[in-house]
Amino acid sequence: MLLDKFKEMAAFQAELRDRRLKAFGAVTDEIVSATEGVVEGRRVILAGTNNYLGLSADPRCIEASRAAASRWGTGTTGSRLANGSFAEHQALEAELAAFYGVGHAICFSTGYAATMGTCATLAGPGDVILLDADSHSSIYSGVKLSGAEVIRYRHSDTADLAKRLRRLGDRAANTLIVAEGIYSMLGDIAPLAEIAELKREYGAMLLVDEAHSLGVLGERGRGAAEAAGVEDAVDFTVGTFSKSLGGIGGFCVSPHAELEDVRYCIRAYIFTASSTPSVVASTRRALQILRDEPQLRERLWDNARRLYDGLKALGLAVGPTPSPVVAVEFSDREAAMAAWQQLFDNGVYVNLVVPPASPSTNYLLRNSMSAAHSTEQVDRIIDAYRGLIDAGLVTPDAA
Amino acid sequence: MADYQSCLAFLCELLQKYNRKRVMINENTGLVADLGLSSLEVMEVIEQIEDHYDISIPLNILPDVNTVADLAQKIRDLNP
């Protein structure tokens, strides 16, 4: 039967209901601040929101949004190619291009559409896409739609990438390499300097998804490629407005003039309504703040290091280096679920990640830090994790 | 150049370490249906094959691969 394939998911959802575990799709009843809310009736510290700079609650962004709604209305009611290109969209594209120091930018209604649409369009039949094995779902969806030959390289393994480029021979020139700046689940940073070198050596093109690194890495906050000093090797940068910029939407910027033609070939751009002007306006304001206030980035990293060091000192299985995404790995399913619940009961909301969304067979309690977290909030999060050890849900150094 | 039979022999040996169900592995064995490989395990197997034959196996071929024979055939095709 058509719907039989959903039985496994139905059983999982039933299990979650029986356990009263609200880890997936928890309803936020109230937002108190960028880092605090009432979720499923409980007041919690928000430590799983990707709100890296805390700008979702910035009064300047809210005011920009309000003013745009008054001026333009609540929506565009059409796609960018039809009636949905407003002056706000054009201005945001120009500001993004200027921010990245390139000539061309496209805005999308969501980050998913930006990544999926760009990957689906840039390479086609006869071309090759080499993507990191731990790529985001939007990348996998896009490359599947592209019609290109799709080959994975081992996660951030540049020796493996080099092997695969070598195997392609002349076809390397028709290849798009795809990497992310910061990988969303474990918070690790791609080795972009080495990837850029390989890209140049083999004459391929490089697309970097800076969804989790825009506003987080680089002297000007442009992302991992800026931090690695290899922006000139990046052909296409994609990203999202829904994390450090606190809104929703996505973008692709490029030094290649052809991006203006690519724009008219991306289905996820052509056949969907454009972003509502209020969101575009808040994104523009947020981008300005990101650019003008590097102290937000410093505060974010202070918090990230504090959480990382605190959890590591407890003996928990965190990633190899500090990052605004700090994931604690669990091999035991029951322990991971119980741990999520205990953190929530103790007023800390984090993300529970289960395979296959996690990059291995492990379960993750994924924390994302914000510049808006107070030191006291970070310490309360660490305390809540200490409570997991006290409850026997995790053994130090063997999570 | 790897012929079909040698690909098959390599695969049967490689898949033994994933043979939790202790089934008889031959060319008709289903990778998911019989061996119960998870998506992660399928990718692990693919990587080991790639290393062994020094080839890259495109993801595009995977929807057509159900059995050990299907996989052996694809390896042979990719390793002329």
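The values are calculated or read from the model by the stated rules, or taken from the named source; none is laboratory data. Nothing here was measured: the structure is a model prediction, and the numbers come from that model. All Cβ positions, even for glycine, are placed from backbone atoms using ideal geometry, and neighbour counts span all protein chains on display.
Within segment A:127-163, the residues that satisfy the criterion of being in contact with a Leu (Cβ under 9 Å, 6 or more places away or on another chain), within 16 Å of residue B:55 (Cα to Cα) and without any contact (Cβ under 8 Å) to a residue 40 or more places away in the chain are A:149, A:150, A:151, A:152, A:153, A:154, A:161, A:162.
Residues are listed down the side, and each one gets a yes or a no for (1) β-branched (Val, Ile, Thr); (2) surrounded by 17 or more Cβ atoms within 10 Å (Cβ to Cβ); (3) more than 12 Å from chain B (Cβ to nearest Cβ):
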| position | (1), (2), (3) |
| --- | --- |
| A:146 | no, yes, no |
| A:153 | no, yes, no |
| A:159 | no, no, no |
| A:165 | no, yes, no |
| A:172 | no, yes, no |
| A:175 | yes, yes, no |
| A:178 | yes, yes, yes |
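Yes or no, residue by residue, for (1) charged (D, E, K, R); (2) touching a strand residue (DSSP E or B) at 6+ places or on another chain (Cβ under 8 Å):
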| site | (1), (2) |
| --- | --- |
| A:173 | no, no |
| A:189 | no, yes |
| A:194 | yes, no |
| A:204 | no, yes |
| A:207 | no, yes |
| A:212 | no, yes |
| A:226 | yes, no |
| A:238 | no, yes |
| A:241 | no, yes |
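Among the residues of segment A:265-286, at least one is in contact with a helix residue (DSSP H, G or I) (Cβ under 9 Å, 6 or more places away or on another chain), under 30 Å from residue A:384 (Cβ atoms) and modelled with pLDDT of 95 or more.
Of all residues in segment A:349-366, those that are within 14 Å of chain B (Cβ to nearest Cβ) and touching a residue at least 40 places away in the same chain (Cβ under 8 Å) have Cβ atoms under 6 Å from Cβ atoms of residues that are of a type in the set (D, E, K, R) and part of a loop (DSSP other than H, G, I, E, B), 6 or more apart or on another chain, in A:359/A:134.
Within segment A:316-358, the set of residues being in a loop (DSSP other than H, G, I, E, B) and over 23 Å from the mean Cα position of the chain (by Cα) comprises A:316, A:331, A:332, A:346, A:347.
Of the numbered criteria (1) part of a loop (DSSP other than H, G, I, E, B); (2) at pLDDT 95 or above; (3) among the polar types (S, T, N, Q), the one residue A:361 fails is (2).
Number of residues in segment A:180-227 that are of a type in the set (D, E, K, R) and crowded, with 24+ Cβ neighbours inside 10 Å: the value is 5. Screening B:66, B:19, B:60 for residues that are within 14 Å of another protein chain (Cβ to nearest Cβ) and surrounded by 14 or more Cβ atoms within 10 Å (Cβ to Cβ) leaves exactly one candidate, B:60. Selection within segment A:112-169: residues that are in a loop (DSSP other than H, G, I, E, B) and hydroxyl-bearing (Ser, Thr, Tyr). The member of this set that is nearest to residue A:353 (Cα to Cα) is A:135.
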